[in-house]
Amino acid sequence: MEIKVNDVIMAIEEFAPASLQESWDNSGLIVGSKSALVRKALLSLDCTLEVVNEAKEIGANLIITHHPIIFKGIKQITDESVIGKVIFEAIKADIAIYSCHTNIDKVPDGVSCLLAERLNLKNREILGKDGDSGYGLWYRDWE
C-alpha cells in the first residue's frame, strides 16, 4: 500500500483540523511535496539538525513535529543559520517536514488531554473554550 505525504496530512487534519490553528501559527506542510511517497515517518517536538540526521539514518522521509520550524518569514535558506541549515539538509535529503501545532493543542483529545491523562487529572475542562475546542485544560480537583 502506498502512502503519500498528503495521506498522512489528511489523517492528522481529520483529528486536528488546520482551521483550528491560530492566525500567527504556521502549522502544515513546511518543507516537501504532498505527492511524495512516505517510506518512514519520524515524530518530534521540534525539527532540529539532529532530528533530520536521525531521519536520514533510519530512512525516514517525513518528519512530523509539534512546533513549526518556520513561524514567520525567512529571507534565506543557507547553512549559515540554524533554521536554514535544518531546512537545507531536509531538502537535500528529500525529507518533508509537517507541523501540527496550535490546531492539535486545541482539540479535545490533543496534547493537553494526553498530558492531563498522564498526570491522572480528572474533571477536566477546556480552557479558553471556543465550541468544542480551546487552549489547554484545567481541572477542578484531583481524584
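Only one of the numbered conditions (1) over 26 Å from Ala18 (Cα atoms); (2) part of a helix (DSSP H, G or I) is violated by Val86, and that is (1). If the condition is being crowded, with 19+ Cβ neighbours inside 10 Å and farther than 20 Å from Lys4 by Cβ, then the stretch 48-73 contributes Val51, Val52, Pro68, Ile69.
Within the stretch 89-118, the set of residues being of a type outside the set (Val, Ile, Thr), part of a helix (DSSP H, G or I) and in contact (Cβ under 8 Å) with a residue 60 or more places away in the chain comprises Asn103, Lys106. When the residues of the stretch 1-55 are filtered to those that are part of a helix (DSSP H, G or I) and β-branched (Val, Ile, Thr), the one that is nearest to Ile95 (Cα to Cα) is Val52. Note on the stretch 19-33: residues that are open to solvent by 80 Å² or more (accessible area, probe 1.4 Å) and in contact (Cβ under 8 Å) with a residue 40 or more places away in the chain total 2.
Restricting attention to the stretch 56-71, the residues that are in a strand (DSSP E or B) and modelled with pLDDT under 95 add up to 0. When Gln76 is tested against (1) open to solvent by 70 Å² or more (accessible area, probe 1.4 Å); (2) out of contact with any Gly (no Cβ under 8 Å at 6 or more places or on another chain); (3) farther than 12 Å from Val31 by Cα, exactly one condition is not met: (2).
The values are calculated or read from the model by the stated rules, or taken from the named source; none is laboratory data. Just so it is clear, the model here is predicted, and its values are computed rather than measured. Using ideal geometry, Cβ is built from the backbone for each residue, glycine included, and neighbour counts are taken over all protein chains shown. We work out accessible area using only protein heavy atoms, side chains counted, and drop any ligands, DNA or RNA first. Shrake-Rupley method; radii C 1.70, N 1.55, O 1.52, S 1.80 Å.
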